[in-house]
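One structure is given below, encoded as structure tokens.
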């Protein structure tokens, strides 16, 4: 994805999701994905996020909505949560590789990208991004400025674009 200079949150949302609406409704998400990735689930893993928050993290990380990007975003979210432990990671990798429906299932390549996102999230100064209320941000706010608030360096995002394209199964 090519980063535009001086882009607002709202413009990035439209560019990423091709609309001003949410990407998916909760009812469209598989029940097993909901169990592990939705913070309202009784067994949600650390780093779980509402769809609205998850979509904003996609925008902050300049990731689209294919599986590679999804793997990076989920990895980042889990890595950025101070409470995520190795068991959470093991459970997520197992479930996403073997139990998720085909449309959501990760392969080895996706899990390598998940690890990249996890490590990036783990090293940010700003922690627990999935707890942020993104509805309080002005959608006209400059995206570069928002990324700085959350310690997301645009040069590092460009580096990940290259690294992700080189990951093989």
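In table form, for the structure just shown:
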{"item": "Highest to lowest packing among 105-112, 148-155, scored as the average C-beta count within 10 Å", "result": "105-112, 148-155"}
{"item": "Residue order, fewest to most beta carbons within 10 Å, for 72, 118", "result": "118, 72"}
{"item": "Listed residues 57, 74, 91, most fluctuating in the chain (Gaussian network, C-alpha, under 10 Å)", "result": "91"}
{"item": "Cα coordinate range in segment 83-150, projected on the principal axes (Å, largest first)", "result": "40, 25, 19"}
{"item": "Radius of gyration and maximum dimension Dmax of segment 24-169, Cα, Å", "result": "14.4, 41"}
{"item": "C-alpha long axis of helix 67-80 to longest principal axis of the chain, angle in °", "result": "90"}
{"item": "Percentage relative contact order, segment 16-127, counting C-alpha pairs under 8 Å, at least six apart", "result": "27"}
{"item": "With Cα atoms, 0 to 90° folded angle of helix 51-60 axis to the chain main axis", "result": "60"}
{"item": "Simple label model, 7 Å out from Cα along Cβ direction - residue 119 to residue 35, nm", "result": "3.1"}
{"item": "Where the Cα pairs of segment 48-121 fall when distances are cut into 10 Å bins, in %", "result": "21, 57, 22"}
{"item": "Gain in span if fully extended, residue 28 to residue 65, counting 0.36 nm per residue against the direct Cα distance", "result": "11.8 nm"}
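Here, each number is a calculation from the coordinates, and none is a lab measurement. If you're wondering where the values come from, they're calculated on a predicted model, not measured in any experiment. All Cβ positions, even for glycine, are placed from backbone atoms using ideal geometry, and neighbour counts span all protein chains on display.
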